[in-house]
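**Student:** Encoded as structure tokens, here's the structure I'll be asking about.
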Amino acid sequence: MTTLEIKQAVKRYPNGALAVKGVDVTVEDGELVVFVGPSGCGKSTLLRMVAGLESVTEGEIVLDGRLVNEVEPANRNIAMVFQNYALYPHMSVYKNLAYGLKNRGTPKAEIDAKVREAAKLLQIGDFLERKPSQLSGGQRQRVAMGRAIVRDPAIFLFDEPLSNLDAKLRNQMRLEIKRLQRRLGTAAIYVTHDQVEAMTLADRIVVLNNGEIEQIGTPAQVYGAP
Ligand code: ADP
Ligand code: ADP
């Protein structure tokens, strides 16, 4: 059972910019929550605070009873998927998937089993020896997701993961992300500026505006019943 609590989170950057102004959200076990809003509304800042990549000026972010910024980065049970994939260009797909587990000291046989299972789930099993430069955009996105899955995280964080893909692939990968998240039952936060993505993916939508929650509810509550 995973619970992520964002409690009165505030972010003031060193230059004085107030990017997040007291946000309260709890993500329940298995839930997919989408943060949606225009550019500059504070979505990425909030997500980066949850990931422990950005300090929290005020308030608390608690994952399963522990403050995220007090957990060593290597021990944070969080996996993030970025829009630019952030794959290691000099490593094969296999090594990209194995890297985080290897760093944790996971036994080789277990790494191999997890890498192959994730690769199968994502249908990238035939590309394990390729470098990222030898893959299509959609395949790179699958590798990025595979890298998140092998870690068996308590929560997935998606930061506009589909914005570098063309419209057709975006639709396909969106469905894929939903299918995987459901199948794995892992809680997730998904950040996007795209209302269609929010509507079709979310169990719950958090509409952000100017660093504050404007609205929070199911897709039907936020955008009206279809
Ligand atoms: P979004 O992801 O919704 O586009 P961001 O979280 O990136 O929004 O940004 C929220 C606000 O914080 C914006 O006004 C942005 O200019 C500002 N901001 C983001 N990063 C920094 C930074 N490192 N230093 C100062 N201000 C920042
Ligand atoms: P490094 O230079 O990082 O030590 P290695 O070439 O030793 O990299 O590979 C890292 C590990 O991943 C090794 O244990 C290697 O056997 C394993 N490995 C790499 N690609 C594959 C693959 N396709 N199938 C099985 N194991 C692989």
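**Student:** Please list, ordered by first then second residue, the pairs with beta carbon atoms under 9 Å, 6 or more apart or interchain, first in the range 1-25 and on the phi > 0 side of the Ramachandran plot and in a strand (DSSP E or B), second among the hydroxyl-bearing types (Ser, Thr, Tyr) and within 16 Å of ligand 1 (Cβ to nearest atom).
**Tutor:** Pairs found: none.
**Student:** May I ask you to verify whether Ala119 is more than 16 Å from ligand 1 (Cβ to nearest atom), part of a helix (DSSP H, G or I), within 21 Å of the chain's Cα centre (by Cα) and buried (at least 21 other Cβ atoms within 10 Å of the Cβ)?
**Tutor:** yes
**Student:** OK, next. Looking at this structure, is Ala51 within 16 Å of ligand 1 (Cβ to nearest atom) and of a type outside the set (Lys, Arg)?
**Tutor:** yes
**Student:** Moving on to the next point. Just wondering, is there one or more residues in the range 54-66 that are under 17 Å from Ala144 (Cα atoms) and either free of Cβ contacts under 8 Å to residues at least 24 places away in the same chain or small (Gly, Ala, Ser) (or both)?
**Tutor:** Within the range 54-66, not a single residue is under 17 Å from Ala144 (Cα atoms) and either free of Cβ contacts under 8 Å to residues at least 24 places away in the same chain or small (Gly, Ala, Ser) (or both).
**Student:** Quick check on my filter: what residues within the range 122-143 are of a type in the set (S, T, N, Q) and either within 27 Å of Val33 (Cβ to Cβ) or surrounded by 15 or more Cβ atoms within 10 Å (Cβ to Cβ) (or both)?
**Tutor:** Selection gives Gln123, Gln139, Gln141.
**Student:** If I filter the range 170-184 for residues that are part of a loop (DSSP other than H, G, I, E, B), out of contact with any helix residue (DSSP H, G or I) (no Cβ under 7 Å at 6 or more places or on another chain) and either of a type outside the set (A, V, I, L, M, F, W, C) or within 22 Å of Glu28 (Cα to Cα) (or both), do I get at least one hit?
**Tutor:** Among the residues of the range 170-184, not one is part of a loop (DSSP other than H, G, I, E, B), out of contact with any helix residue (DSSP H, G or I) (no Cβ under 7 Å at 6 or more places or on another chain) and either of a type outside the set (A, V, I, L, M, F, W, C) or within 22 Å of Glu28 (Cα to Cα) (or both), which makes the answer no.
**Student:** Continuing with this model, one more query. In the range 20-50, what residues are touching an Asp or Glu at 6+ places or on another chain (Cβ under 9 Å) and of a type in the set (Gly, Ala, Ser)?
**Tutor:** Scanning the range 20-50 gives Gly22, Gly30, Gly37, Gly42, Ser44.
**Student:** What pairs come out if I take residues in the range 75-89 that are among the hydroxyl-bearing types (Ser, Thr, Tyr) and pair them with residues that are not in a strand (DSSP E or B) whose C-beta lies under 6 Å away, six or more apart or interchain?
**Tutor:** Filtered contacts from the range 75-89: Tyr85/Arg140; Tyr85/Ala144; Tyr88/Asn96.
**Student:** Here's a follow-up. Looking only at the range 84-102, count how many residues are within 10 Å of ligand 2 (Cβ to nearest atom) and aromatic (Phe, Trp, Tyr).
**Tutor:** Count: 2.
Listed here are the residues, each with its yes/no results for (1) closer than 24 Å to Gly100 by Cα; (2) aromatic (Phe, Trp, Tyr); (3) within 16 Å of ligand 2 (Cβ to nearest atom); (4) surrounded by 16 or more Cβ atoms within 10 Å (Cβ to Cβ).
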| site | (1), (2), (3), (4) |
| --- | --- |
| Thr3 | yes, no, no, yes |
| Pro14 | no, no, no, no |
| Glu31 | no, no, no, yes |
| Gly37 | no, no, no, yes |
| Leu53 | yes, no, no, yes |
| Gly59 | no, no, no, yes |
| Glu70 | yes, no, no, no |
| Ala74 | yes, no, no, no |
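**Student:** Same structure again: Considering the range 144-190 alone, what residues qualify as being charged (D, E, K, R) and crowded, with 23+ Cβ neighbours inside 10 Å?
**Tutor:** Within the range 144-190, just Arg147 meets the criteria.
**Student:** If you don't mind, there's one more thing I want to ask. May I ask you to list the residues in the range 62-103 that are of a type in the set (S, T, N, Q) and within 16 Å of ligand 1 (Cβ to nearest atom)?
**Tutor:** Passing the criteria: Gln83, Asn84.
**Student:** Can you work out which of the residues in the range 103-121 that are farther than 29 Å from Leu175 by Cβ and of a type in the set (Lys, Arg) is nearest to ligand 2 (Cβ to nearest atom)?
**Tutor:** Lys108
Taken together, the values in this text are just the output of simple stated rules run on the coordinates, not laboratory data. Here the structure is a predicted model, which means the values were calculated and not measured. Don't worry about glycine lacking a Cβ; one is built from the backbone with ideal geometry, like all the others, and counts go over all protein chains shown.
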